[in-house]
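Notes follow once the structure below has been shown.
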Amino acid sequence: MEIVSGSCRFGLWYVHVWWNDTAVQRLRFSTTGLAGEVPPLIRKYCAGQPVDCSTLDSFALHEESMYSRIYRAVRDVTYGTTATYGEIAEKVGTSPRVVGQAMARNPTPLVIPCHRIVAAHGIGGFSPSVEIKEALLAMEKKGVHKLLLGQN
DNA sequence: AACGTACACTTAT
DNA sequence: ATAAGTGTACGTT
């Protein structure tokens with residue numbers, strides 16, 4: 001099936017997505033837009049609705065590599081919660097540093113929710129900008145609140 | 001095929 | 001604050 005691409009807004013940023021009917025192939029944040037549609041779930045998520053993009057599929061989840069194992073563990077971190085690099089490392093049997101490396105190379109952020117992985121004593125990194133990570137986490141926190149209280 | 005090095009970390013000085 | 005430990009991937013030989 002053919003790969004299509006598109007972008008949507010998230011705050012000051014654009015989210016570019018390359019995807020087909022089975023999985024997201026690539027996702028990245030950019031300061032410029034791109035013609036075309038993104039998967040509906042991602043559009044809703046970026047609009048602030050409490051939907052979880054990790055229910056989408058990413059090609060990067062289905063390999064036998066260490067990174068792929070890490071990505072599968074990261075996918076299980078649910079909306080509105082966080083885990084540390086060290087926790088993920090322990091789960092898959094590697095070191096925290098490696099988890100950081102896997103996050104830095106994550107081909108499909110949001111779908112593999114690397115923004116929910118934080119350092120033991122700080123927020124950790126995010127490219128292209130840690131502001132995005134902060135915004136995503138703040139939004140999810142608010143979203144869960146909304147879900148529980150049914151308002152605001 | 002081996003080697004060096006770069007890391008979105010962590011823990012102990 | 002700083003240093004040592006860490007495992008994987010990736011670029012150079």
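Can you sort A:Lys91, A:Lys133 by 1.4 Å-probe accessible area, starting with the largest?
A:Lys91, A:Lys133
Distances between placed amide hydrogens fall under 5 Å for A:Thr84 paired with A:Val118, all partners being 5 or more residues away or on another chain.
A 1.4 Å probe, protein heavy atoms only, puts the accessible area of A:Arg43 near 110 Å². With protein chains left intact and a 1.4 Å probe, residues in region A:4-55 average 50 Å² of accessible area per residue. Each helix, a run of at least 4 DSSP H residues, gives -39500 (n - 2.57); summed and divided by the residues of chain A, these come to -10500 deg cm²/dmol at 222 nm. Paramagnetic label reach from A:Met66 (point 7 Å along Cα→Cβ; backbone nitrogen cut-off under 16 Å): within region A:87-129, residues A:87-106. Only protein heavy atoms count here; on that basis, with a 1.4 Å probe, A:Glu131 has an accessible area of about 110 Å². Note on chain A: with neighbouring protein chains present and a 1.4 Å probe, carbon and sulfur make up 54 percent of its accessible heavy-atom surface. Residues whose amide H falls under 5 Å from that of A:Phe10, counting only those 5 or more places apart or on a different chain, are A:Val15, with hydrogens built in the peptide plane.
Computed over chain A with a Gaussian network model linking Cα atoms closer than 10 Å, the most mobile of A:Val130, A:Val77, A:Val51 is A:Val130. For a test of the definition: using alpha carbon positions, the gyration tensor, and the 1.5 limit on a/c, classify chain A as rounded, prolate or oblate. It comes out oblate by the Cα gyration axes. List every residue whose amide H lies under 5 Å from the amide H of A:Val24, counting only residues 5 or more places away in sequence or on a different chain, with H placed 1.01 Å from N in the peptide plane. Those lying under 5 Å, H to H, from A:Val24 are A:Asp57, A:Ser58, A:Phe59.
The values are calculated or read from the model by the stated rules, or taken from the named source; none is laboratory data. In this text the structure is predicted, and so the values were computed from the model without any measurement. All Cβ positions, even for glycine, are placed from backbone atoms using ideal geometry, and neighbour counts span all protein chains on display. Ligands, DNA and RNA are stripped out before the accessible areas are found, and what is left, the full protein with its side chains, is counted by its heavy atoms. Shrake-Rupley method; radii C 1.70, N 1.55, O 1.52, S 1.80 Å.
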